[in-house]
Structures are given as structure tokens and as C-alpha cells.
Amino acid sequence: MSVIKSVVRGVGSYLPERVLTNSELARSVDTSDEWIVQRTGIRERHIAATGELTSDLARHAATRALADAGLVAGDIDLIILATSTPDQTFPATAATVQAQLGITQGAAFDLQAVCSGFVFALATADAHLRTGSFKRALVIGAETFSRILDWEDRGTCVLFGDGAGAVVLEACDSAEVGERGILTTHLRSDGRHRSKLFVDGGPSSTQTVGHLRMEGREVFKHAVGMITDVIEDAFAATGASADTIDWFVPHQANRRIIDASAQKLGIAPSKVVTTVDLHGNTSAASIPLALDTAHKDGRIKSGDLVLLEAMGGGFTWGSALIRW
Ligand code: ACO
């Protein structure tokens with residue numbers, strides 16, 4: 001019996017031009033390249049130019065994903081944009097991107113699950129495509145975290161960067177695409193942890209945008225366990241394993257979290273896609289940025305089994321397994 005599956009047709013990404021190195025940061029806060037590299041693996045990050053908005057980053061990434069898919073904007077009838085740094089409180093940044101791309105059909109909305117946003121958006125798009133409500137979706141992760149950082153807090157400002165990534169998903173008949181497509185997704189949240197990683201502003205509470213605040217050690221303590229739990233759920237649902245996956249594309253928060261998660265799951269280091277050294281933590285954008293990197297350099301190929309995971313503020317966490 002044939003079923004509808006969501007297949008990745010294309011991927012694209014965009015990074016702002018300006019690169020901010022650790023050494024440059026060490027001139028404004030009490031830190032060092034050595035400390036940042038040793039604790040996080042981050043060497044540099046990109047920072048959006050004045051006036052360059054989350055929607056601009058998202059539009060560039062989306063345009064590149066469409067080109068990679070061999071499609072045009074008019075082929076898209078669903079846009080889900082994961083971000084915690086929208087252009088405005090409302091309308092959704094997805095609606096701005098929709099208008100800028102000239103799309104007038106279907107639906108466009110934002111999704112907010114912080115660093116897990118892309119996995120949550122992918123799962124949401126997959127569910128909509130499989131019901132037959134929409135035919136082709138742009139799933140975008142786009143962030144300008146530089147705008148919500150306290151640049152005097154060395155515990156957080158060294159960790160994050162700006163960027164965007166996007167994939168095009170298409171609803172396809174399994175009889176035509178065989179094994180390809182999103183195989184399983186697993187989403188989790190536990191709001192009891194919300195004060196461990198949050199922004200201290202918002203329209204309803206302070207009427208300000210606010211700054212990111214984090215208990216770094218607490219986040220670290222929970223991250224590896226939560227990540228490995230949802231990956232084990234993905235393995236149990238599909239029969240896949242650390243040995244049968246081709247690529248592990250984790251949220252790029254911190255090299256130590258990535259390495260510890262891969263090690264706990266028995267995933268070979270050669271299968272791990274890492275971009276945190278050059279991008280920092282770009283929150284919802286980090287996974288599609290890493291996917292695009294590994295697709296463009298020839299690592300991820302059609303037919304490969306690709307495992308995604310993310311964990312972030314809320315806490316939220318999730319996994320997805322894709323036959324590329
Ligand atoms: N440069 C130099 N020293 C620093 C810096 C810095 N940038 N930041 C903190 N320190 C100091 C602290 O002040 C502290 O000094 P003290 O001992 O004199 O008090 C010392 O370094 C150790 O601080 P810790 O916070 O305990 O350092 P830790 O080893 O835990 O590393 C870090 C901090 C990198 C934030 C780590 O906790 C971490 O990676 N946590 C995970 C957080 C994360 O990745 N968040 C991303 C968002 S969530 C997500 O995406 C999953």
C-alpha cells in the first residue's frame with residue numbers, strides 16, 4: 001500500500017558577511033580564544049549587519065533551498081519558520097518571507113521552540129504534508145541571536161551567532177520514492193526547566209525585547225541525557241541504530257555536548273557533522289546550516305540515513321530520522 005511521505009527536495013543556507021572571532025570578543029569581555037575553544041569548540045561566529053533582519057537571512061536561505069530543489073517560490077504552499085528572534089512581535093516573520101518571495105497561496109507561520117525549533121518545524125511540516133493539506137513546504141530556521149545577547153555577559157555572548165538554513169519538503173507517494181523521506185520524529189518539552197535558559201523580556205511581561213540568560217552548567221547537565229533519550233526513541237521506532245545511520249547532524253550548541261552525545265550512543269566520530277567551530281550556536285538555524293554544509297561538500301547524498309537532534313530553552317528537545 002502506498003502512503004504519502006515528506007521527502008527532502010533541497011537545502012540552502014545563508015550566513016551574514018561579518019565574522020566575529022574569539023580574539024575580537026576577548027577585546028571587549030574578559031575571555032580568551034583558548035577558554036572558548038576548550039569549553040565550546042567555537043572559534044568564530046557570523047553577526048548580522050545593522051538593518052539586516054531575521055527575514056532577510058531566512059529569505060536568502062529559502063531562495064538557495066528552492067534553487068537546490070529545482071523549484072520556484074510559486075511551488076511552495078506552506079512556510080514554517082522556526083525562530084526566537086522574529087523581526088517583530090507580529091506578524092510572523094514567515095509571513096514577511098512569504099510576501100518577499102511573492103507567494104500568495106497556502107499558509108505561513110512561525111514556530112518557537114528555541115534551539116529545537118528546526119526539528120519541531122520539520123515534524124510539524126511533515127505532519128501537514130502527510131495529511132495531504134499541503135504539497136510543498138519550506139522549513140526554515142533563522143536567527144539573529146546577536147540582537148538578544150548581553151554583550152557584557154561573557155558566560156553567554158561568546159556562545160551564539162546569526163544565520164539561517166532551509167529545506168524544501170515535498171509530499172510524495174511512497175510507491176515513487178521508495179525508502180526516501182522523513183521516517184520518524186520525536187518531540188518533547190518540559191517547562192519546569194524554563195528558568196534555566198530564557199530571555200528576560202517580552203511583550204506581555206516587560207514590554208521590552210530582553211536579553212538571553214542561562215545557567216550554563218544546568219543546561220549542560222540535562223543536555224546529553226535528553227538528546228540520547230529522543231534518539232533512542234527514533235531508533236526504537238525505525239529499527240535504525242548508531243551503526244546503520246550515515247550521518248549524525250546535531251544541533252550545534254557546544255562541541256562537548258555533541259561529542260558526549262555521540263559517544264554515549266556509540267556513533268562513530270566520522271559520522272558526526274560539526275559546524276559549531278565556524279558558526280557558534282545559531283539556535284533554530286544550526287541544523288539546516290549544518291545539513292547544507294554536509295550536502296554541499298558531498299557528504300550527505302540521496303539515500304543516506306540522516307539523524308537530527310536538538311535541545312534548547314523550555315526545555316524542548318527532539319529528534320528526526322530522514323532517508324535523504
Ligand atoms: N571566558 C572566560 N571565563 C568564563 C567565561 C568566558 N567566556 N564564561 C564563564 N567563565 C568562567 C566563569 O565565570 C567561571 O569562573 P569562576 O570559576 O571564577 O566562577 C568559570 O569560567 C567556570 O564557569 P562555568 O559556567 O562553570 O563553566 P563551564 O565549564 O560550565 O562552561 C559553558 C560554561 C561553556 C556555558 C558550559 O556550561 C556549557 O556549554 N553549557 C551548555 C550551555 C549551552 O550550550 N547553551 C546553549 C543554549 S542551549 C542549547 O542550545 C542546547
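The values are calculated or read from the model by the stated rules, or taken from the named source; none is laboratory data. It should be emphasised that the depicted structure is a prediction, and the values quoted were computed from it without experimental measurement. Neighbour counts run over all protein chains shown; Cβ positions are idealised from the backbone, glycine included. Just the protein is used for accessible areas: all its heavy atoms, side chains included, with ligands, DNA and RNA removed. Shrake-Rupley method; radii C 1.70, N 1.55, O 1.52, S 1.80 Å.
When DSSP beta bridges are limited to those with both residues in the chain, what percentage is antiparallel, rounded to the nearest 5? Let's see the in-between values first.
On the way: 43 of 59 bridges.
Antiparallel: roughly 75 percent of the beta bridges in the chain.
Report the full-extension gain for the segment E232 to R27: residue separation times 0.36 nm, less the Cα-Cα distance, to one decimal in nm.
Values: separation 205, 0.36 × 205 = 73.80 nm, distance 4.28 nm.
The span from E232 to R27 would gain 69.5 nm if fully extended.
For region 1-156, give the share of DSSP beta bridges that are antiparallel, in percent and rounded to the nearest 5; count only bridges with both residues there.
Working: 4 of 14 bridges.
Taking every DSSP beta bridge within region 1-156, about 30 percent pair in antiparallel fashion.
Applying the Karplus parametrisation 6.51 cos²θ - 1.76 cosθ + 1.60 with θ = phi - 60° to the phi angles of region 127-141, what ³J(HN,Hα) value in whole Hz is obtained for each residue in order, glycine and proline being reported as x?
Once θ is set to phi - 60°, the couplings for region 127-141 become 4, 5, 5, 5, 7, x, 5, 9, 9, 9, 10, 9, 10, 10, x Hz.
Between region 40-98 and region 100-167, what's the alpha-carbon centroid distance in Å?
For region 40-98 versus region 100-167, the Cα centre distance is 7 Å.
Sort R217, R194, R59, R18 by accessible area with a 1.4 Å probe, largest first. Spell out each step's value before the answer.
Details: R217 215, R194 155, R59 55, R18 115 Å².
Most to least solvent-accessible, the answer reads R217, R194, R18, R59.
Treat every Asp and Glu Cβ in the chain as -1 and every Lys and Arg Cβ as +1, leave all other atoms uncharged, and give the resulting dipole magnitude about the Cα centre to the nearest 20 debye. Can you show the working numbers first?
Values: 30 positive and 38 negative charges, 59 e Å.
So the magnitude is around 280 debye.
Between V272, V19, V29, which gets the highest mean-square fluctuation from a Gaussian network model of the chain, Cα cutoff 10 Å?
Top of the fluctuation ranking is V29.
At q = 0.13 Å⁻¹, what is the base-10 log of I(q)/I(0) for the chain according to the Debye formula with one equal point scatterer per Cα and no solvent? Please give it to two decimals.
Debye intensities relative to I(0), on a log10 scale: -0.89.
Under Stokes-Einstein, with the Kirkwood radius over Cα pairs standing in for Rh, what whole-number D in µm²/s applies to region 4-177 at 10 °C and 1.306 mPa s?
Details: Rh = 16.9 Å.
Answer, rounded: 94 µm²/s.
Hey, what do the phi angles of region 310-324 turn into as Karplus ³J(HN,Hα) couplings, whole Hz, using 6.51/-1.76/1.60 and θ = phi - 60°, x for Gly and Pro?
Values, residue by residue: 8, 8, x, x, x, 5, 10, 7, x, 9, 8, 10, 10, 8, 5 Hz.
In whole angstrom, note down how far apart the Cα centers of region 258-324 and region 179-209 are.
The two parts, judged by their Cα centres, are 19 Å apart.
Can you give the percent of C-alpha pairs in region 193-239 whose distance is more than 13 Å? Before the final figure, lay out the partial values.
Working: 716 of 1081 pairs.
Value for region 193-239 (Cα pairs over 13 Å): 66 percent.
Using a Cα distance threshold of under 27 Å, what count of lysine pairs results for the chain when pairs must be 8 or more residues apart or interchain?
13
Kirkwood Rh over alpha-carbon pairs of region 1-72, then Stokes-Einstein at 37 °C and 0.692 mPa s: what D in µm² s⁻¹, rounded to an integer?
Values: Rh = 15.2 Å.
Stokes-Einstein gives a translational diffusion coefficient of 216 µm²/s.
Taking θ as phi - 60°, what are the ³J(HN,Hα) couplings along region 151-162 by the Karplus curve (6.51, -1.76, 1.60), each to the nearest whole Hz, with x for Gly and Pro?
Here the 3J(HN,Hα) series is 6, 9, 9, 5, x, 10, 5, 7, 8, 10, x, 10 Hz.
With springs only between Cα atoms under 10 Å, which of F160, F90, F118 fluctuates most in a Gaussian network model of the chain?
The residue with the greatest mean-square fluctuation here is F90.
Show that you can apply the helix-only estimate: for the chain, add -39,500 (n - 2.57) for every DSSP H stretch of four or more residues, divide by all residues, and state [θ] at 222 nm to the nearest 500. It would help to have the intermediate numbers written out before the result.
On the way: 11 runs with 109 residues, N = 324.
Dividing the helical sum by the residues of the chain leaves -10000 deg cm²/dmol.
With the alpha-carbon atoms as the only input, what is the per residue convex hull volume for region 224-313 in Å³? The partial results should precede the final answer.
Working: hull volume 8.5 nm³, N = 90.
Spelled out: Cα convex hull of region 224-313, divided by residues, is 94 Å³.
GluC sites (Glu not before Pro) within region 160-201: which are DSSP loop residues with at most 11 other Cβ atoms inside 10 Å?
Sparse-neighbourhood loop GluC sites (Glu not before Pro): E179.
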